[in-house]
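Working notes for the structure below.
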Amino acid sequence: MRVTTKMVNDSAQKAGLPGISNSLLNVMDQGGNENSLLSSLEKSGNAKAAKAVRSLMKDGYDKVENAAGELTKSARQFSEYEKGSDAEKLRASAKSIVKSYNEALKAMGKTNDTLDQYYAKMLKEAASENKGYFSEAGIVIQKDGQLLIDTDKLEKADAQTLINAFGSGSTFNEKASFLGEHIADHASASAGSVTNQYGSNGMINTEYSHKLDYWG
């Protein structure tokens with residue numbers, strides 16, 4: 001099934017996120033920076049160096065995909081645990097969310113991918129909007145957007161405090177799950193297209209086509 005702009009924007013609206021398509025097009029208009037080195041190597045005929053760069057790029061996208069996938073999985077798992085209000089399970093799930101969130105940000109920061117930068121910004125904004133609830137649960141937002149756990153405070157947090165921070169008590173869970181899924185999709189497509197033929201503008205043709213098809 002082809003996912004249209006309306007479908008994506010409807011989903012984004014439900015998650016409390018801004019319309020994706022216009023922002024995405026702005027990002028794509030800036031695009032190609034992450035591929036400039038590989039494009040130059042391809043054009044110069046330096047196949048060995050190009051192969052090494054492709055390998056590094058693929059490894060980077062694989063790490064993003066894994067971390068983002070874990071973020072979505074952890075967020076959804078928390079929602080399931082929320083139904084039972086078991087503080088220990090909620091606490092363990094909250095730690096998983098923090099870990100995967102941090103790993104996703106770290107991995108995206110290393111890809112030099114314009115769309116990853118866009119997604120990282122949105123993740124940080126989702127966390128910032130939840131700063132008050134996070135603080136009550138012992139979660140501190142650092143200057144670089146990473147989340148730091150105050151273990152003593154987190155261990156003392158009751159089920160409702162944890163739900164407010166990571167579950168239905170706020171919008172962070174839904175936004176993290178939504179973004180994690182799309183970050184993973186983009187990383188998977190990017191990893192798969194790293195070895196494909198480049199266009200004259202230095203961007204990967206199949207990746208560009210995928211983005212247009214995916215976002216409408």
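If you scan the stretch 80-106, which residues turn out to be modelled with pLDDT of 95 or more and of a type in the set (A, V, I, L, M)?
LEU90, ALA92, ALA94, ILE97, VAL98, ALA104, LEU105
Restricting the stretch 118-150 to residues that are in contact with a Gly (Cβ under 7 Å, 6 or more places away or on another chain) and over 28 Å from HIS186 (Cα atoms), which is surrounded by the most Cβ atoms within 10 Å (Cβ to Cβ)?
TYR133
With respect to THR161, determine if the residue is more than 24 Å from ASN66 (Cβ to Cβ), out of contact with any Ser or Thr (no Cβ under 7 Å at 6 or more places or on another chain), modelled with pLDDT of 95 or more and among the hydroxyl-bearing types (Ser, Thr, Tyr).
When the stated conditions are applied, THR161 passes them.
Listed here are the residues, each with its yes/no results for (1) under 20 Å from ALA189 (Cα atoms); (2) modelled with pLDDT under 75; (3) part of a helix (DSSP H, G or I).
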{"residue": "VAL3", "(1), (2), (3)": "yes, yes, no"}
{"residue": "LEU17", "(1), (2), (3)": "no, yes, no"}
{"residue": "GLU42", "(1), (2), (3)": "no, yes, yes"}
{"residue": "ARG54", "(1), (2), (3)": "yes, no, yes"}
{"residue": "MET57", "(1), (2), (3)": "yes, no, yes"}
{"residue": "GLU70", "(1), (2), (3)": "yes, no, yes"}
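All but one of (1) at pLDDT below 85; (2) surrounded by 15 or more Cβ atoms within 10 Å (Cβ to Cβ); (3) farther than 21 Å from ASN66 by Cβ hold for SER170; state the number of the condition that does not hold.
In the conditions (1) at pLDDT below 85; (2) surrounded by 15 or more Cβ atoms within 10 Å (Cβ to Cβ); (3) farther than 21 Å from ASN66 by Cβ, SER170 misses (1) alone.
Does SER96 satisfy the condition of being closer than 19 Å to ILE163 by Cα, small (Gly, Ala, Ser) and surrounded by fewer than 19 Cβ atoms within 10 Å (Cβ to Cβ)?
Numbers: closer than 19 Å to ILE163 by Cα: yes; small (Gly, Ala, Ser): yes; surrounded by fewer than 19 Cβ atoms within 10 Å (Cβ to Cβ): yes.
In short, yes.
What number goes with the only condition from (1) surrounded by fewer than 21 Cβ atoms within 10 Å (Cβ to Cβ); (2) at pLDDT below 95 that THR111 does not pass?
(1)
The values are calculated or read from the model by the stated rules, or taken from the named source; none is laboratory data. All values reported here derive from a predicted model rather than from experimental measurement. Virtual Cβ from ideal backbone geometry, glycine too; neighbours counted across all protein chains shown.
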